[in-house]
Amino acid sequence: MVSESAALHFTIEPTSNPTPADHRADLIANPAFGRVFTDHMAIVKYTEGRGWHDARITARKPLTLDPAASVLHYAQEIFEGMKAYRTEGGGIATFRPEENARRFRASAERMAMADLPQEIFMQAVDELVKIDQDWVPTGEGKSLYLRPFMIATEVFLGVKPASEYLFIVIACPVGAYFGSGCVSVWVSEDYTRAAPGGTGAAKCGGNYAASLVAQRGSKMHGCDQVLFLDSREQRFVEEMGGMNVMFLRDDNTLVTPPLTGTILPGITRDAILQLAKDRGLKIEQTPLEIDEIFAGAASGRYKEAFACGTAAVISPIGALRRTGGEAVFGDGKTPGEVSLAIKKALTDIQAGKTNDAHGWIHAIT
């Protein structure tokens, strides 16, 4: 229930130039991820001393920023990734949006940004989905990807937390992030994603910018993604460029690195761990040495590996590669049975095809 103290009134300003229905149908038939956007956006302003105000749903359009806006110089910026799904009953729902709101607030705290109440986050997402509900695609693996984000807009050159912010939500219809097969992953031995005391657990753009040079390097080695190791010893598995990572041992134990501050606490990650428990798998959140993973893949001790996140849900890993070696899981081409079963269990809940035993679905329409 929305509390009166935190909720805002959203002014609804429909676009005067909506996308024609036939053109919209063409756009959402097979959309490239992150390339096609809906007609509207949600926007809320923050001013120190006044708080959050001027909440609107308006036509999606370019932003006007002063060249001295703080975000352009000191990178006070955070974001979330979430999806809206068409359900079996004909409605539209999001998946655990309160967890996205909670993580957004944690990211804001780490980046010394304004605190956005959960109620406003949820309102903005719900109102945008309602007005752009015709953009939510139907079909296996399709959804409306939602990108809530906050930027510092104070016009000031100086190293301090900004006093003015914009919170915005935009949306784009999407299909599968990766194909149906396995991905190959390059283990970076030159770059790290995050360090203790840093921003690894915050969802801020700087983390992703820092990963791009390693991601580019993975392509040069013929791989789809990059896996980072810890910054102290370059010895323990941490996180991929934009996803958490998990491994299945031959004793039916799902193993993943622990959340110690350098890894993003993934919402999909958390749901997968719960669904794995529901299936009777054992769970270990423990430091994983990369050498152990390579040796375990060779011996058959590690049977499956996969990356997980909102965009891709679960992406089976066929092989990890590094200088001088390769770790192959299964035949390196066929996704593992357990990975696929957990993915199906999760996507069935998101699509309303099965019982939502954990109360993860938030109905919007």
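The values are calculated or read from the model by the stated rules, or taken from the named source; none is laboratory data. Please read these numbers as outputs of a predicted model, since none were measured by experiment. Neighbour counts run over all protein chains shown; Cβ positions are idealised from the backbone, glycine included. Side chains included, ligands, DNA and RNA excluded: accessible areas come from the protein's heavy atoms. Shrake-Rupley method; radii C 1.70, N 1.55, O 1.52, S 1.80 Å.
Assorted remarks:
- Across the range 312-329, the number of residues qualifying as open to solvent by 30 Å² or more (accessible area, probe 1.4 Å) and either within 23 Å of the chain's Cα centre (by Cα) or in contact (Cβ under 8 Å) with a residue 60 or more places away in the chain (or both) comes to 3.
- Any hit, the range 64-78, residues being surrounded by fewer than 19 Cβ atoms within 10 Å (Cβ to Cβ), under 30 Å from Gly141 (Cα atoms) and out of contact with any Pro (no Cβ under 8 Å at 6 or more places or on another chain): no
- Residues of the range 32-87 that are of a type in the set (A, V, I, L, M, F, W, C) and in a loop (DSSP other than H, G, I, E, B): Ala32, Phe33, Val36, Phe37, Leu63, Leu65, Ala68, Ala75.
- Residues in the range 166-182 that are open to solvent by less than 10 Å² (accessible area, probe 1.4 Å) and touching an Asp or Glu at 6+ places or on another chain (Cβ under 8 Å): Ala171 alone.
- Spans of strands (runs of 3 or more DSSP E) in the range 222-336 with at least 3 residues farther than 24 Å from His358 by Cβ: 225-229, 237-240, 302-309, 313-322, 325-328
- Taking first residues from the range 12-30 that are closer than 29 Å to Val44 by Cβ and partners that are modelled with pLDDT of 95 or more and open to solvent by 60 Å² or more (accessible area, probe 1.4 Å), the Cβ contacts under 7 Å between residues at least 6 apart in sequence or on separate chains come to Arg24/Asp134.
- Condition met for Leu144 (modelled with pLDDT of 95 or more and open to solvent by 10 Å² or more (accessible area, probe 1.4 Å)): no
- Test: residue in the range 115-138 that is at positive phi and either among the β-branched types (Val, Ile, Thr) or open to solvent by 30 Å² or more (accessible area, probe 1.4 Å) (or both): no
- All of Lys61, Lys83 fail the test of being out of contact with any Asp or Glu (no Cβ under 8 Å at 6 or more places or on another chain) and open to solvent by less than 20 Å² (accessible area, probe 1.4 Å), apart from Lys83.
- Tally of residues being buried (at least 18 other Cβ atoms within 10 Å of the Cβ) and at positive phi across the range 20-38: 0
- Of residues in the range 170-207 being outside any loop (DSSP other than H, G, I, E, B), more than 14 Å from Gly242 (Cα to Cα) and not β-branched (Val, Ile, Thr), the one farthest from the chain's Cα centre (by Cα): Ser184
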